[in-house]
Structures are given as structure tokens and as C-alpha cells.
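The values are calculated or read from the model by the stated rules, or taken from the named source; none is laboratory data. Computed from a predicted structure; not experimentally measured. When we count neighbours, we look across all protein chains shown, and the Cβ atoms used for this are built from the backbone with ideal geometry, even at glycine. Note: accessible area is taken over every heavy atom of the protein model, side chains too, but ligands, DNA and RNA are not part of it. Shrake-Rupley method; radii C 1.70, N 1.55, O 1.52, S 1.80 Å.
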Amino acid sequence: MARRHDPGRRQRIIDAAIRVAAAQGIAGLSHRTVAAEADVPLGSTTYHFATLDELLIAALRQCNEGFATVLADHRALLDGSTDLAAGLATVLGVWLAGERTGVELEYELYLAALRRPALRPVAAEWTDAVTEALAPHTDPVTARAVVALMDGICLQVLLTDTPYDEGYAREMLGRVIAGPPPAR
């Protein structure tokens, strides 16, 4: 029997996994639920992704592109023509104002790395990429602290359903970027 050529199938499976996880959470993700959502045979999901962790890795990588895209769309932030703290606060606002399900899913996949060690390198890729993008405008240690603060602000907004406060984010990011006040 001839194998049907379907070059877009792998991507459709990843997209379906993201939709399933967005609707049901990671707990609702299985090869079977993804195959049904992608409208492909069950064997296709296991052919392209032998384990659920492999599928989650592909989904997390694709979700990570969401913040990277928002960051790339604000090039002035990284070309030195704008205040770094203000620019980052704006980027966080744009990202959090976007499609809420996508932002929540990105964090759900990111935090799944706590229990799924196979996801940790992908979660670290995101942190490292953003830190690397910020480091030339501050220093590597401060850049990592800025990324941690941005994560914390985003998680607080998502978990408490409080509106994003760009002024607060700008102030806190400015403090981290400026470093400690001079000793008295």
C-alpha cells in the first residue's frame, strides 16, 4: 500500500495539540485526543511524536514564539532608541492584552516543566533567548533578573485576574535595570 504524502501533517498535529491543551489543559492531552482534533489517524500522532513529552516539546516551542514575536515587533526596544524599562513594560502589556488563552497555555506548558523534565530544556531556551536579547542593553545578570521579574508580573496577572499595570511594571523593571540605590 502506498504511503500518502502529507507534508503538513506534523504541523497540523502540533496545532491540534495546542488547541486540545488550550481547551482541556495538559491533563486532557493524549495521542488519541490530538489525533481526533487534527483529523488524522492515531498512528500519525505516534509516528511523528512517539511520546507525549515529544508532542509537548513541539507545542511549547511553538507557543514560545508568541512572546518572541511581540518582542521582535518592538525593535525600538532593543535598538537603544527607547527606555528599556518603558519598552519592556509596553511589550508585556501588548502580550498580555493579546489572546488570553494563548498566553495562559504558554505558561501552562512552561510550568509543566516542573513535573516533566523533558520540557525543561525548552523552557530554558525561552529564558535564555530573552536574556540574550536583553543582555547587550544591560548585563547578563541584570538581564536574567529582568526576565524573572517579567515572568513574575505575568504570572501574577494571570493567576489573580488583576489588570496589568504598565506603570507598576515600568517602575519595577526600572529599579532592577538601574540596580540598587547608592549606599547612604
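With R₀ set to 25 Å, the beta-carbon distance separating A23 from R75 gives a calculated FRET efficiency near 0.15. For the chain, the longest principal axis of the alpha carbon atoms and the long axis of helix 120-134 meet at an angle near 40°. A Förster distance of 22 Å, applied to the separation of the beta-carbon atoms of T46 and Y107, puts the FRET efficiency at 0.20. Accessible surface for D53 stands near 40 Å², nearest 10, in the context of the full protein assembly shown (1.4 Å probe). Computed on the chain, with alpha-carbon pairs under 8 angstrom and 6+ residues apart, the relative contact order is 20 percent.
With a/c under 1.5 counting as rounded, go ahead and sort the stretch 66-107 into rounded, prolate or oblate using the C-alpha gyration tensor (a ≥ b ≥ c being the square roots of the eigenvalues; past the cut-off, prolate if a/b is larger than b/c, else oblate). Judged from the Cα gyration tensor, the stretch 66-107 comes out prolate (a/c at least 1.5, a/b above b/c).
Accessible surface comparison of H137, H31, probe 1.4 Å, protein chains only, largest first: the order is H137, H31. The computed Rg and Dmax of the Cα atoms in Å for the structure shown corresponds, within [x] 19.0, 80; [y] 37.5, 109; [z] 17.2, 57, to [x].
Fully extending the segment from A129 to E171, taken as 0.36 nm per residue of separation minus the present Cα-Cα distance, adds 12.8 nm. Report the paramagnetic label zone for A118: residues of the stretch 16-52 whose backbone N is under 14 Å from a point 7 Å from Cα along the Cα-to-Cβ axis. What the label zone holds, given the 14 Å backbone N cut-off, is 29-32, 45-52. Below 8 Å, C-alpha to C-alpha, sequence gap of six or more: please give me the relative contact order for the stretch 84-144 in percent. About 18 percent, as a whole number. The residues of the chain have, on average, 56 Å² of accessible surface per residue, using a 1.4 Å probe with all protein chains present. Using R₀ = 41 Å, calculate the FRET efficiency as 1/(1 + (r/R₀)^6) where r is the Cβ-Cβ separation of A183 and T160; round to 0.05. It comes to 0.75. Taking the C-alpha atoms only, the angle from helix 52-73 to the longest principal axis of the chain is near 40 degrees. Of the residues E99, E166, ranked by 1.4 Å probe accessible area with the largest first, the sequence reads E99, E166. Here the chain has 56 percent of its accessible surface on carbon and sulfur atoms, given a 1.4 Å probe and all protein chains in place. Relative to the longest principal axis of the Cα atoms of the chain, the long axis of helix 166-178 makes an angle of roughly 70 degrees.
Once the other residues with Cβ under 11 Å from the Cβ of A135 are scored (Lys, Arg +1; Asp, Glu -1), what is the net sum? Within the 11 Å Cβ shell, the charges total -2. Shape verdict for the stretch 3-109, please, from the Cα gyration tensor: rounded (a/c under 1.5), prolate (a/b greater than b/c) or oblate. Prolate is the answer for the stretch 3-109, as a/c is 1.5 or above and a/b outweighs b/c.
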